[in-house]
Amino acid sequence: QVQLVESGGGLVHAGGSLILSCQAFGRAPSMNTMGWLRRAPGKERDFVSAISWGGTTSYADSMTGRFTISRNNAENTVYLQMNTLKPEDTAVYYCAAGVRGWGYRMQPTEYPYWGQGTQVTVSS
């Protein structure tokens, strides 16, 4: 059984910053890659960022340079530092895990384990 627990969302003005945290409880064979995805109002879940067990990172184009993903393997925790936030970043952000390989990291449907989501609202 795998449980992912997110924290750190909230309301911020445009240009501000937030940091999201996700702690994983339990372990499955394919937990090496951890990802952050988001669902904006009226849209499908989209890839935000992912990190491998060894620290290789990946970002969606619109987040590159603004968001930073990191992880603490000893504490089974992954973080998402979000800077220069924009109103279009408003969404529910989800931590996810369990993809069968790094090549599947950008596909929301490939993640079998999801957190409950945390709301991020960016006001203009």
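Before moving on, here are some points about what is shown:
- Database remark: amide H of residue 67 closer than 5 angstrom to the amide H of 83 (H placed geometrically; neighbours at sequence offset of 5 or more, or on other chains; Pro and chain starts carry no H).
- For segment 45-100, the spherically averaged projection of the C-alpha convex hull amounts to 4.4 nm².
- Note on the chain: with neighbouring protein chains present and a 1.4 Å probe, carbon and sulfur make up 49 percent of its accessible heavy-atom surface.
- Other-chain or far-sequence residues with amide H under 5 Å of residue 113's (modelled H): 97
- Working note: Karplus 6.51/-1.76/1.60 with θ = phi - 60° gives segment 67-79 the couplings 10, 9, 9, 8, 8, 10, 5, 5, 9, 6, 10, 10, 10 Hz, where Gly and Pro are set to x.
- Normalised by the number of residues in the chain, the mean separation of alpha-carbon contacts (under 8 Å, six or more apart) gives a relative contact order of 36 percent.
- Here the simple spin-label model places points 7 Å from the Cα toward Cβ, and for residue 21 and residue 100 these points are separated by 3.4 nm.
- Computed label-point distance, nm, for sites residue 44 and residue 119 using a 7 Å Cα→Cβ extension: 2.5 nm
- For residue 48, the residues whose amide H sits under 5 Å from its own are 36, 37, 38, ignoring neighbours fewer than 5 places away on the same chain, with H placed 1.01 Å from N.
- For the chain, fraction of C-alpha pairs farther apart than 20 Å, in %: 35 percent
The values are calculated or read from the model by the stated rules, or taken from the named source; none is laboratory data. It should be emphasised that the depicted structure is a prediction, and the values quoted were computed from it without experimental measurement. Neighbour counts run over all protein chains shown; Cβ positions are idealised from the backbone, glycine included. Surface areas here come from the heavy atoms of the whole protein model, side chains and all, with no ligands, DNA or RNA. Shrake-Rupley method; radii C 1.70, N 1.55, O 1.52, S 1.80 Å.
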